[in-house]
Amino acid sequence: MFVDGDPAALKRLVVNLGDNALKFGSQARGRVFIDGDMAVVEVDDNGPGVPEDQIERAFEPFHRLESSRSRDTGGIGLGLA
C-alpha cells in the first residue's frame, strides 16, 4: 500500500507520538498497519493517559495537558496538533 502524504510531516508525526509516549511513560510500543484503505499508526504506553474531558483539546495547537515548563516535560504544545 502507498501512503500519500508529506514525508517530512509523516516522519514528524511518528517521532512526536514516540517522544510523547516515552516522555510521559517509561515504556512504549508502536505498530503500523493497514485498515481498509487507511494506514494506522498506533502507540501504546504506560503513561498517565489523557483525561476523558481533555481528549479533544489534546489535538489543538498549543494546548498542553501538562502545564509545567520544566526541561523534562517542556514544549509548546504542538506534539499532537
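In region 12-27, is there at least one residue being on the phi > 0 side of the Ramachandran plot, surrounded by 12 or more Cβ atoms within 10 Å (Cβ to Cβ), modelled with pLDDT of 80 or more and of a type outside the set (S, T, N, Q)? Lay out the reasoning, then the answer.
We begin by selecting, within region 12-27, every residue on the phi > 0 side of the Ramachandran plot; these are none.
Within region 12-27, none of the residues are on the phi > 0 side of the Ramachandran plot, surrounded by 12 or more Cβ atoms within 10 Å (Cβ to Cβ), modelled with pLDDT of 80 or more and of a type outside the set (S, T, N, Q).
Mind telling me which of the residues Arg71, Arg31 ends up being modelled with pLDDT under 85, out of contact with any helix residue (DSSP H, G or I) (no Cβ under 9 Å at 6 or more places or on another chain) and basic (Lys, Arg)?
Numbers: Arg31 fails: modelled with pLDDT under 85.
Step by step, each of Arg71, Arg31 is checked, and only Arg71 is modelled with pLDDT under 85, out of contact with any helix residue (DSSP H, G or I) (no Cβ under 9 Å at 6 or more places or on another chain) and basic (Lys, Arg).
Can you report the number of residues in region 11-64 which are in a loop (DSSP other than H, G, I, E, B) and not basic (Lys, Arg)?
To start, the set of residues in region 11-64 that are in a loop (DSSP other than H, G, I, E, B) comprises 25-27, 36-37, 46-51, 55-56, 60-64.
Checking the rest, the ones that are also not basic (Lys, Arg) come to 25-27, 36-37, 46-51, 55-56, 60-63.
Residues that pass the stated criteria total 17.
Sort out which residues of region 12-53 are within 22 Å of Phe2 (Cβ to Cβ) and of a type in the set (Gly, Ala, Ser), and write them in order of number.
Here is the first cut: in region 12-53, the residues within 22 Å of Phe2 (Cβ to Cβ) are 12-15, 17, 30-42.
Within region 12-53, Gly30, Gly36, Ala39 meet the criteria.
Does region 43-53 contain any residue that is open to solvent by less than 60 Å² (accessible area, probe 1.4 Å) and modelled with pLDDT under 85? Checking region 43-53: at least one residue is open to solvent by less than 60 Å² (accessible area, probe 1.4 Å) and modelled with pLDDT under 85. Selection of region 28-42 for residues being within 10 Å of the chain's Cα centre (by Cα) and surrounded by 15 or more Cβ atoms within 10 Å (Cβ to Cβ) yields an empty set.
In region 39-61, the residues that are farther than 23 Å from Leu10 by Cα form Cβ pairs under 8 Å with partners that are open to solvent by 70 Å² or more (accessible area, probe 1.4 Å) and small (Gly, Ala, Ser), at six or more places apart or across chains, as follows: Asn46/Ser26.
The values are calculated or read from the model by the stated rules, or taken from the named source; none is laboratory data. This is a predicted model, so every value here is computed, not measured. Note that we place each Cβ from the backbone using ideal geometry, even for glycine, and neighbour counts take in every protein chain shown. Note: accessible area is taken over every heavy atom of the protein model, side chains too, but ligands, DNA and RNA are not part of it. Shrake-Rupley method; radii C 1.70, N 1.55, O 1.52, S 1.80 Å.
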